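Input: a single structure, listed below in structure tokens.
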Amino acid sequence: MQGTSEVIKNLKGKIIISCQASLGEPFYKEDAMLAMMHSIVNGGAQGLRLAGKRDITNAKRLFDLPVIGITKPEIIPENYKELVYITPTTDDALTVIEAGADIVAFDATTRPRKDSVLDMINFIKKEGRVSMADVATYSEGLEARKYGVDIISTTLSGYTTETQEKCGAGPDFELLQRLVETVDCPVILEGRIWNIEDVQMAFEFGAHSVVIGSAVTRPHQIVQRFINSAMASPL
């Protein structure tokens, strides 16, 4: 496995694909997720963001790519905006690490939690992995960096009660810009990236990497966007 600094350096300017599915979705099945990952890698993905021991283990066995690993519930609860559910504890971080993830991403918001953000960062560093803080706000990013996190990502902007007004909008470029201008660590743009222009703008604003998810790996959401757009357009 590469050293932490080498992992971070090798992701600069790269496109990472988040490949995940919830229980009950067709792609949740192991063979379906494997097919999805193979297709993504064949298309040129330069990194993967994966949830759960099964998929992380399979990816590290099959592909020579950096993996951002998380844990999350098989079914996201309806009150998810109030909860820390992405790699919420050090036990979850250990699961991700034992599966072989190069980077451990975790919820670094201010929502109530068992293990503090500092606890998470210290544990991940002790285990020799790269720590990545998924934040929703600028202040959360600053706090995570103060505690020594290696990477900050805009993943949760729009997905907390405090930031929910941003959920229907595009990527949070404002948050990206503010963090890039302030913190002395890589900042990744993730969340609501749907087109090539979003990616180009992210790199122009200084993103270290870009994580794309639903626009590539969630066919039902892609279809819904087309249908909703067509229904909203006058005939």
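Pairing each residue of region 168-179 that is within 15 Å of Q200 (Cα to Cα) with any residue that is in a helix (DSSP H, G or I) and modelled with pLDDT of 95 or more, provided the two are 6+ apart or on different chains, yields C-beta distances under 7 Å for G170/D198; P171/D198; P171/A202; F173/M201; L176/A202. Candidates are the residues of region 30-46 that are part of a loop (DSSP other than H, G, I, E, B) and on the phi < 0 side of the Ramachandran plot; the one that is surrounded by the fewest Cβ atoms within 10 Å (Cβ to Cβ) is G43. The criterion of being out of contact with any Pro (no Cβ under 6 Å at 6 or more places or on another chain), closer than 22 Å to V211 by Cα and aromatic (F, W, Y) does not hold for Y147.
Checked against (1) surrounded by fewer than 23 Cβ atoms within 10 Å (Cβ to Cβ); (2) at pLDDT 95 or above; (3) out of contact with any helix residue (DSSP H, G or I) (no Cβ under 7 Å at 6 or more places or on another chain), R129 meets all criteria but (3). No other residue among L65, L50 is in contact (Cβ under 8 Å) with a residue 40 or more places away in the chain and under 16 Å from the mean Cα position of the chain (by Cα) apart from L50. Does V216 meet the test of being modelled with pLDDT under 95, in contact with a strand residue (DSSP E or B) (Cβ under 8 Å, 6 or more places away or on another chain) and among the aliphatic types (A, V, I, L, M)? Taking the combined requirement at face value, the residue satisfies it. Among the conditions (1) closer than 29 Å to A169 by Cβ; (2) touching a residue at least 60 places away in the same chain (Cβ under 8 Å), the only one that L83 does not satisfy is (2). Scan region 205-218 and tell me whether some residue there is surrounded by fewer than 15 Cβ atoms within 10 Å (Cβ to Cβ) and more than 18 Å from the chain's Cα centre (by Cα). No, the conditions are met nowhere in region 205-218. For region 188-201, the criterion of being part of a helix (DSSP H, G or I) and in contact (Cβ under 8 Å) with a residue 60 or more places away in the chain is satisfied by at least one residue.
The values are calculated or read from the model by the stated rules, or taken from the named source; none is laboratory data. No experiment lies behind these values; they were computed from the predicted model shown. We place every Cβ from the backbone using ideal geometry, glycine too, and count neighbours over all the protein chains shown.
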